[in-house]
Amino acid sequence: MSGFVVCRANEILVVSGCFKSEPSIVKDGSTFVLPGLQKVQRLSTSNFNIIVELKNQPTAEKTVSINLKAGAVMKINSKNDEMVQYAVDTFLSKTEDEMKETLKETIEATFGSVIEQMSAEDIMFDKRKFSKLAYDTLSSECVRMGVSVISINVLEVSDDHGYYHNLRIDRIQKARNEQEVLGNHDSFVARFDEKRKELEANKSKTSSPEKKNLHGIELEFSNASKDSGSSKEKETEKRVETTYTFSKTDITGDMYKGYDWSAADHKYV
């Protein structure tokens, strides 16, 4: 390739050969390449989406091994001149597939190292902590290759010996036990039941004489027919021989029309 060469948005150009003691790097625009004397090489700065899978990787307990599937998005950092130079030194002689394979090996080694630092339980149930530790470690490892880590994602965590299955069962049972304890002492239903029982106990103590509440007026009934002559109780169409004793008289005048308020025994007329 010779003449004017254009640098595309997702790449950097590296020009080497005659009249150049060190390769020159072009990150945008175009450059002139002497025909037959110089050569130009392209290095992609596109995102690399790499998936890794680790099998039977020992955790911090040493007695538990897990399987991990994770992904990482990475790219050559073209905005930092020093990192661009690292990338040129590391990847210029490699194809894109070879670049991906190098990055994949780095990711696998990083995740393996992080897994060995954490317990199997923390890896499963505290993925935020696990992901952050993996991201920080991988970013540090990739700086010297001129690569930035955009993101990582833990896709799947499992094991071949039922450890996580039993761990989930234990957690579910623990949660149920805690809920039962909470329900017996602090739940709304429990408090309601206790209040209801208290009210019933108080009601039984004051059940005689019988009391009812009618439109904000507490009435105490003393039915004369409860005497020995109750069987001979006399009723008429217009009159009920029942005596009322009013505990409260804070009512409006028209609320109970028909009562003879001047009568001593407040008979209904």
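Read-outs: derived from the displayed coordinates by stated rules, not from any lab. The model shown is predicted, which means the values in this text are computed figures rather than measured ones. Neighbour counts run over all protein chains shown; Cβ positions are idealised from the backbone, glycine included.
Below are the figures for this structure:
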quantity	calculated
Order of CYS18, CYS7 under a 10 Å beta carbon neighbour criterion, fewest first	CYS18, CYS7
Separation in nanometres of the label points that stand 7 Å from Cα toward Cβ, at VAL73 and LYS55	3.0 nm
Simple label model, 7 Å out from Cα along Cβ direction - GLU22 to LEU92, nm	1.1 nm
Inter-probe distance in nm under a simple model that places probes 7 Å from Cα toward Cβ, at VAL143 and SER119	3.2 nm
Unsatisfied cross-links (Cα-Cα over 25 Å) in the set LYS94/LYS127; LYS75/LYS132; LYS55/LYS94	LYS94/LYS127; LYS55/LYS94
Ranked list, fewest to most other Cβ atoms within 10 Å of each Cβ, for ILE152, ILE76, ILE172	ILE172, ILE152, ILE76
Residues whose placed amide H lies under 5 Å from that of MET118, excluding near-sequence neighbours	ALA60
Exposure proxy ranking, count of Cβ atoms within 10 Å, fewest first, for LEU13, LEU37	LEU37, LEU13
